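These notes are about the structure you will find just below.
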Ligand SMILES: NC(=O)c1ccc[n+]([C@@H]2O[C@H](COP(=O)([O-])OP(=O)(O)OC[C@H]3O[C@@H](n4cnc5c(N)ncnc54)[C@H](OP(=O)(O)O)[C@@H]3O)[C@@H](O)[C@H]2O)c1
Ligand SMILES: *[C@@H]1O[C@H](CO)[C@@H](O)[C@H](O)[C@H]1NC(C)=O
Ligand SMILES: *[C@@H]1O[C@H](CO)[C@@H](O)[C@H](O)[C@H]1NC(C)=O
């Protein structure tokens, strides 16, 4: 290759680095690496969702969070095939998380349910498979009485088969997680739970961190975004305390609350199917909050879930 060609190639490489953010990874307790920011996808569907995967990967997202419940695995799968075919990334550069729904909790239902998700996603494996919730249901939605320890045995089988590189849980409390740890060969690698400024979950988060279990924080924008509720607690988008911190770093209040979760050692998973907003939501890696600013944001806590 001539010097001229080489310098063009190098220049193109620099341009690529300048346009896409590189998201850091951390090690899970099973040795696998996980990017510390994921694209949330709940309620994103159809061609919009396929397009969103393209925008997200171009912006630097490598981790995508979905679930069989969201009914968008096939759309996300189309987007994944596109970004790989375009040569933007290789499969091994991506980290794909999906979840087992409550109506497939019997041990012998887990691997078949994962195979169905894989087929919709067009993948040979997912990077992370989560039990969506400790509650089990029958096919008709009525409560079932399946012990999540049995479900976990099915999850371990999925990992042994190589269909999921890592396995974990979602919406589990400390006692439930400890019960798995105590009675199983494989501890959960992740617990995905709701955490944001109005619902800081400090005890649960520190319990998970002490157990070596990574926390994915869902609904990370909390009540900064409109969730159709009549009365909501602070902080909201124009909160003066958040605005002051945001101005200090030349960031937005939404970027501050996402960085807050990273500075507490969590993996936020903001959802956006809007190209501009998903770019803003990944622009978190050239600033960080002081411990005092983290403590200030913790003071917003009122233990309020966005789903109440
Ligand atoms: N494990 C579980 O049980 C569970 C439960 C809930 C959620 N989750 C996961 O966590 C993800 C995130 O949670 P979530 O969707 O509830 O809430 P979220 O990510 O906190 O907020 C999403 C909402 O905020 C808007 N938004 C995104 N970025 C914005 C910005 N920079 N400025 C203003 N508005 C913005 C989005 O609209 P636009 O798309 O129009 O930007 C959307 O309406 C889900 O998508 C899902 O993957 C998991
Ligand atoms: C952080 O990086 C983004 C682009 O990735 C840039 O627009 C922004 O000005 C940078 N902010 C700081 C505080 O350096
Ligand atoms: C939130 O819940 C925690 C743990 O249950 C409790 O210690 C704390 O006082 C509660 N905070 C508020 C504002 O209700």
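We did not get these values from a lab; they are worked out from the coordinates using the rules stated. The model shown is predicted, which means the values in this text are computed figures rather than measured ones. Neighbour counts run over all protein chains shown; Cβ positions are idealised from the backbone, glycine included.
If R₀ is 22 angstrom, what is the calculated FRET efficiency for the pair residue 160 and residue 211, using the beta carbon separation as r and rounding to 0.05? Result of the calculation: an efficiency of 0.50.
For the pair residue 231 and residue 286, the difference between a 0.36 nm per residue extended length and the Cα-Cα distance amounts to 16.4 nm.
Which of the three applies to the range 237-277, rounded, prolate or oblate, going by the alpha-carbon gyration tensor with a ≥ b ≥ c and a/c under 1.5 meaning rounded?
Working: a/c = 2.19, a/b = 1.21, b/c = 1.81.
Because a/c hits 1.5 or more and a/b fails to exceed b/c, the range 237-277 counts as oblate.
Need one word for the range 209-308: rounded, prolate or oblate. Basis is the Cα gyration tensor (sqrt eigenvalues a ≥ b ≥ c); a/c below 1.5 gives rounded, then a/b vs b/c decides. Rounded.
Arrange the following residues from fewest to most other Cβ atoms within 10 Å of their Cβ: 92, 157.
Going from sparsest to densest Cβ surroundings: 92, 157.
Modelled spin-label separation between residue 92 and residue 238, with each label point placed 7 Å from Cα along the Cα-to-Cβ direction: 5.1 nm.
With both bridge residues required to lie in the chain, what share of the DSSP beta bridges run antiparallel, to the nearest 5%? Spell out each step's value before the answer.
Details: 5 of 29 bridges.
Around 15 percent of the beta bridges assigned by DSSP in the chain are antiparallel ones.
Extending 7 Å from Cα along the Cβ direction at residue 175 and again at residue 150 yields two label points whose distance is 2.1 nm.
I need the shape label for the range 126-203. Rule: rounded when a/c is under 1.5, else prolate if a/b > b/c, else oblate, with a, b, c from the alpha carbon gyration tensor. Write down the numbers at each step before the final one.
Values: a/c = 1.58, a/b = 1.19, b/c = 1.33.
In terms of gyration-tensor shape, oblate.
Beta bridges per DSSP, both residues in the range 24-99: antiparallel share near 40 percent.
Restricting attention to the range 98-197, close to 10% of DSSP beta bridges with both partner residues there are antiparallel. Using C-alpha pairs under 8 Å with a sequence gap of at least 6, the mean separation divided by the residue count of the range 185-286 gives a relative contact order of 26 percent. By other beta-carbon atoms within 10 Å, ranking 177, 22 with the fewest at the front produces 22, 177.
Using only alpha-carbon positions, what ratio does the radius of gyration of the chain give when scaled by 2.2 N^0.38 Å?
Numbers: Rg = 19.8 Å, N = 308, 2.2 N^0.38 = 19.4 Å.
This ratio for the chain stands at 1.02.
Largest GNM mean-square fluctuation across 169, 195, 83, computed for the chain with C-alpha springs under 10 Å, falls on 83. Exposure proxy for 288, 231, 219, 68: other Cβ atoms within 10 Å of each Cβ, ordered fewest to most, give 231, 288, 68, 219.
Helical content alone sets the calculated 222 nm signal of the chain at -12500 deg cm²/dmol, taking -39,500 (n - 2.57) per DSSP H segment of four or more residues and averaging over every residue.
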